[in-house]
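The values are calculated or read from the model by the stated rules, or taken from the named source; none is laboratory data. None of these values were measured; they are calculated from a predicted model. Here the Cβ positions follow ideal geometry from the backbone for every residue, glycine too, while neighbour counts run over all protein chains shown. Side chains are part of the model used for accessible areas, which takes the heavy atoms of the whole protein and leaves out ligands, DNA and RNA. Shrake-Rupley method; radii C 1.70, N 1.55, O 1.52, S 1.80 Å.
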Amino acid sequence: MNLQSKKSIFILFFLLFGIFIFPQDDRTKSPDIVMKELIGLFKAYNREIDDVKLTPEQEKQNKEIADKIENIFHYKKMIYGALNDQLSTMTQKQVNEFFYKFKELIGLVAFPQGSYFYNNSRNKFYDVIYKDGKAYISSDNHNYDKDIQITMTYIYEKIDKNWMLIDLEMNEHSLVEAYKLQINRIVKKDGIKALLETLDKKYKELKKK
């Protein structure tokens, strides 16, 4: 076998198997890149100001933004985490109803609030800290509209090869844990039925706006 033939076989071997040994292109975005994209989406989200209704075009833009945020928010981790203590006592129908309406409420409340906050704040983000399979991005935020200072830490986890937001700490308090406490309080006092009724009432109230 001549030298040229040996080179050809080596090149063929590399093309066939090299991809498994040396990944050609890691397209996974780093947590800080995902963070920048999320802030950009919140800033671009249209919200009603002085009760002026959004135009059809603005509503369309918001739907596109919400779809992109869904690729960053891991709703199952967030919502099931908040509902975790009650899952064993609920039917699948009740869980599905809670998940759907709670997810809708996140969009109805958090997206406009996020738009307001990030368009009226000075934000300083710190380097990513990796711990126990999660990525933590801390930030200091000064809302100059209301002159308040808030420390927030965004918690990401790599799920299906993508870094996704699973929780948010505000002044060192977990948002998922705060929701869990509220849910447990309602259930302990009045039961699962009352929890779903409370959620449904809030859902209908915000959908009317």
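Figures for the structure shown
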read-out	value
Qualifying positions in region 143-172 - in contact with a Ser or Thr (Cβ under 6 Å, 6 or more places away or on another chain) and over 16 Å from residue 78 (Cβ atoms)	143, 161, 171
Per-region count, region 33-54, residues at pLDDT 95 or above and out of contact with any Ser or Thr (no Cβ under 7 Å at 6 or more places or on another chain)	11
Verdict on residue 76 being open to solvent by 20 Å² or more (accessible area, probe 1.4 Å), modelled with pLDDT of 95 or more and within 14 Å of the chain's Cα centre (by Cα)	yes
Odd one out for residue 98 among (1) touching a Leu at 6+ places or on another chain (Cβ under 9 Å); (2) under 20 Å from residue 207 (Cα atoms); (3) open to solvent by 90 Å² or more (accessible area, probe 1.4 Å)	(3)
Output for region 160-201, where each listed residue is assigned to a helix (DSSP H, G or I) and surrounded by 16 or more Cβ atoms within 10 Å (Cβ to Cβ)	175, 176, 179, 180, 183, 184, 186, 187, 192, 195, 196, 199
Output for region 112-142, where each listed residue is aliphatic (A, V, I, L, M) and more than 18 Å from residue 74 (Cβ to Cβ)	129
Selection from region 101-153 of residues that are assigned to a helix (DSSP H, G or I), open to solvent by 40 Å² or more (accessible area, probe 1.4 Å) and under 19 Å from residue 40 (Cα atoms)	108, 109, 113, 116, 119
